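To start, the structure itself, in structure tokens.
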Amino acid sequence: MTGRFISLEGGEGAGKSTQLRALGLVLRARGLEVVETREPGGSEGAEAIRTLLLTGDADRWSARAEALLFAAARTDHLEKKILPAIQRGAWVLSDRFLDSSRAYQSGASGLADADILALHRIGSEGKLPDRTLVLTLPEADAEARAHARDGDVSDRIGGRERAFHRAVAQSFVDYAAAEPDRIRLIDARGEPEVVTARLLDTLADLLP
Ligand code: Z5A
């Protein structure tokens, strides 16, 4: 069995967690071992860093401090959970990975993309997913979905202004254009099952 590493990306409320679970069910039904995980988090150490990152005042961390914390969390996540699973032949589905650091800490926060990639090289030996599925949704739809779930409550990063989230969304589109083999844009509109079918189509060449 060949292990695979798939990341799901996109803005808040696009449906990543919903789709990750749905994809996990379909892949398990095909006899694959599936490991569902998330960032920031996914391992004990990374979950502790997640709490630091997502709670507290909006200005608790600068963009640079945030980028370092996300990178450190990713190192632990990769070492403890992702790489061992891939090595034993599992499919790892991660709700966010490196491209979120690029979009949030670089594209929308002004750090250089090259610096985020340098941190990733140091912390995680530059490991990339086999495929990255970016869920895209019009701004109003994404806000409505996030609001239906959370009301007016949001975390340190989700609560940033609209222009920030717009820059995040545009960054993902740019990364997909620059790396079309790895990063694919998936229309997240419509019923969840319809979106899952689009995701599966996009993974068809990797499936056994
Ligand atoms: N972040 C960062 O800055 N740098 C990094 O390197 C990393 C992350 C890794 C993590 O937040 C924050 O950290 C995130 C980026 C930043 N902040 N923001 N924004 P998180 O893990 O707590 O949450 P999230 O990653 O942003 O995702 P989310 O808000 O949980 O949304 P989602 O997973 O994409 O959506 P969902 O929960 O699956 O769906 C949202 C709602 O819509 C829910 O009620 C669903 O039932 C509903 N839904 C889902 N699909 C559909 C369809 N198809 N139709 C109708 N309704 C639907």
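Observations, loosely collected:
- Of the residues making up segment 15-38, those that are of a type in the set (A, V, I, L, M) and either more than 19 Å from Leu78 (Cα to Cα) or outside any strand (DSSP E or B) (or both) are Leu20, Ala22, Leu23, Leu25, Val26, Leu27, Ala29, Leu32.
- Failed condition for Leu135, given (1) surrounded by 13 or more Cβ atoms within 10 Å (Cβ to Cβ); (2) assigned to a helix (DSSP H, G or I); (3) aliphatic (A, V, I, L, M): (2)
- Among the residues listed as Arg160, Arg184, the single one being surrounded by 13 or more Cβ atoms within 10 Å (Cβ to Cβ) and either part of a loop (DSSP other than H, G, I, E, B) or on the phi > 0 side of the Ramachandran plot (or both): Arg160
- Residue check for Ser106: within 8 Å of the ligand (Cβ to nearest atom) and modelled with pLDDT of 95 or more: no
- Residues (free of Cβ contacts under 8 Å to residues at least 40 places away in the same chain, in contact with a strand residue (DSSP E or B) (Cβ under 8 Å, 6 or more places away or on another chain) and within 15 Å of the ligand (Cβ to nearest atom)) located in segment 1-58: Arg21
- Unique residue being part of a loop (DSSP other than H, G, I, E, B), on the phi < 0 side of the Ramachandran plot and surrounded by 17 or more Cβ atoms within 10 Å (Cβ to Cβ) when the list is Ser154, Ser109: Ser109
- Just one of (1) within 16 Å of Gly10 (Cβ to Cβ); (2) more than 10 Å from the ligand (Cβ to nearest atom) fails for Ala118. It is (1).
- Residue in segment 119-127 that is over 30 Å from Val26 (Cα atoms), within 16 Å of the chain's Cα centre (by Cα) and not basic (Lys, Arg) present: yes
The values are calculated or read from the model by the stated rules, or taken from the named source; none is laboratory data. Worth saying up front: this structure is predicted, and the values here are computed from it rather than measured. Quick reminder, even Gly has a Cβ in these numbers, built from the backbone with ideal geometry, and neighbours come from all protein chains shown.
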